[in-house]
1. Starting from the 7 Å offset along Cα-to-Cβ, what nm value, one decimal, do you get for the label separation of residue 166 and residue 328?
2. Provide the per-residue ³J(HN,Hα) series for region 214-223, in order, calculated from phi with Karplus coefficients 6.51, -1.76, 1.60 and θ = phi - 60°, each as a whole number of Hz, with x at glycine and proline positions.
3. Along the Cα→Cβ direction, 7 angstrom out, place labels at residue 122 and residue 403. What is the inter-label distance in nm?
4. Once the Cα atoms of helix 132-145 and of the chain are each reduced to a long axis, what angle between those two axes, in degrees from 0 to 90 to the nearest 10, is obtained?
5. With only alpha-carbon atoms in the gyration tensor, what are the semi-axes of the equivalent ellipsoid for region 102-191, in Å, largest first?
6. Each residue of region 105-118 in order: what ³J(HN,Hα) in whole Hz does its phi give by Karplus 6.51 cos²θ - 1.76 cosθ + 1.60, θ = phi - 60°, with x for Gly and Pro?
7. All other residues with a Cβ under 13 Å from the Cβ of residue 88 taken together, and with Lys, Arg as +1 and Asp, Glu as -1, what is their net charge?
8. If R0 is 60 Å, what FRET efficiency do you get for residue 381 and residue 231 from their C-beta distance, rounded to 0.05?
Amino acid sequence: MHHFDRIDGALHAEGVPLEAIADAVGTPVYVYSTATLTRHYGLLREAVDAHRTSLGDALIAFAVKANSNLSVLATLARLGCGADTVSEGEIRRALAAGVPASRIIFSGVGKTDAELAFAIEAGVRQINVESAVELDRLIAVAAAKGAAPEIAIRVNPKIGAGGHAKITTGGATDKFGVPAEEAPALYARAAASPHVTPVGLACHIGSQITTLEPLEAAFRALREMTLALRADGLTVSRLDLGGGLGVPYHGQADLPSIADYVAMTARVLDGLEVEAAFEPGRLLAANAGVLLSRVIQVNARSDGRTFLVLDAGMNDLMRPALYDAFHDVVPVRERDGEAGAYDLVGPICESTDVFARDRRLAALEAGDLVAFMGAGAYGAVLSSEYNSRALVPEVLVDGERWAVVRGRPSYEEMWAREPKADWLG
Ligand code: LLP
């Protein structure tokens, strides 16, 4: 569910007409809805709290990679949401947005020594260790500081899942996590070190997962491992279940609900007496954002193909080019003209700069506005200045009010970041 609805034929973000934002800020521009972020977080929080006996005082840590805008993070932080981070930059963003260190998890396959040291100094809640070699480095970094940070071992359960091969993370050949058969020995090794404090296990098997079965199988594997570690006298008090639950980009009605998903986790963790953590990214943010774009021209070719050339390109929204991802595209002003089949393309000089082929839409003209729905997760964060296009701006709406929360840089600002080599005069 989201809060982008039509009022008198014009698409609004909550109480604000998208046309007004496009006119004031220009296009392309991302627009986020506070009410949608709040609703999604609230639904998950409520479901998790209803299963307190199985999930403990569970942490919901938003995966910052999905949408790292400071105002989006601050919106979630005010609700009590934590942050799942994968770099020093993301930890700094979360802290700057008001997420307390005690709610920040630090994950990632390639944390540098400097980043590990930074995370220890910041006092993050937990560092998720993804390999034996990383554990050795963390022990050395922590020893030099006289610290003993709390860690979880991220297990690769060899159960990959997700909406596309390129967003699967739990498969046997994926780079993420410690192979399940090696994890118990690594956990014991960590427990024997005075420089780290193993508190639990973690997993994240993929993204845009649309059935509960693979998630349940992975969580069961964590449960079994918890019991085995405890049988060896080790303490396991937290299970980090990752993110990954899919959202209905195609309007699918048969996706597992948040309540079903949480009920499943509660069933699997029942009686373990652990504190659970969830790391949703897409689930909280995807439907809380749209990308607004204007039609530059309609290129109806004599071969019958009609290209709707938009002012948003793959540099602004990478998902279709990277993962063949589907985003619903709707005219901002309701149109009753004849529907046509369009190839929706951007202006970038790349053949992959295609958002959709043969998409049926109402007849559109140059200057019309369209909205890419479900663009709040992995949208602006993946944007670039490719083809020397200014980085796409972002707007946050809250009821009737709205604010530019990342401005579009001027060309002067772009060039100012590139000081000329002194010998070039
Ligand atoms: N936790 C960890 C350790 C992760 O690696 C990820 C995502 C998440 C949580 C959040 O997963 P989510 O709930 O959003 O599925 N750029 C791709 C998605 C890549 C996901 C990578 N990891 C896309 O646009 O579909």
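1. The answer from the label model is 2.4 nm.
2. Each residue's phi maps through the Karplus curve to give x, 5, 4, 4, 5, 5, 5, 4, 5, 4 Hz.
3. Output for this residue pair reads 2.2 nm.
4. 80
5. Values: eigenvalues 120, 44, 22 Å².
Semi-axes, largest first: 25, 15, 10 Å.
6. 9, 10, 10, x, 7, x, 7, 7, 4, 5, 5, 4, 4, 4
7. Summing Lys/Arg as +1 and Asp/Glu as -1 gives -1.
8. Using R0 = 60 Å, I get an efficiency of 0.90.
The values are calculated or read from the model by the stated rules, or taken from the named source; none is laboratory data. As the structure is a prediction and not an experimental result, all values here were calculated from the model. When we count neighbours, we look across all protein chains shown, and the Cβ atoms used for this are built from the backbone with ideal geometry, even at glycine. Note: accessible area is taken over every heavy atom of the protein model, side chains too, but ligands, DNA and RNA are not part of it. Shrake-Rupley method; radii C 1.70, N 1.55, O 1.52, S 1.80 Å.
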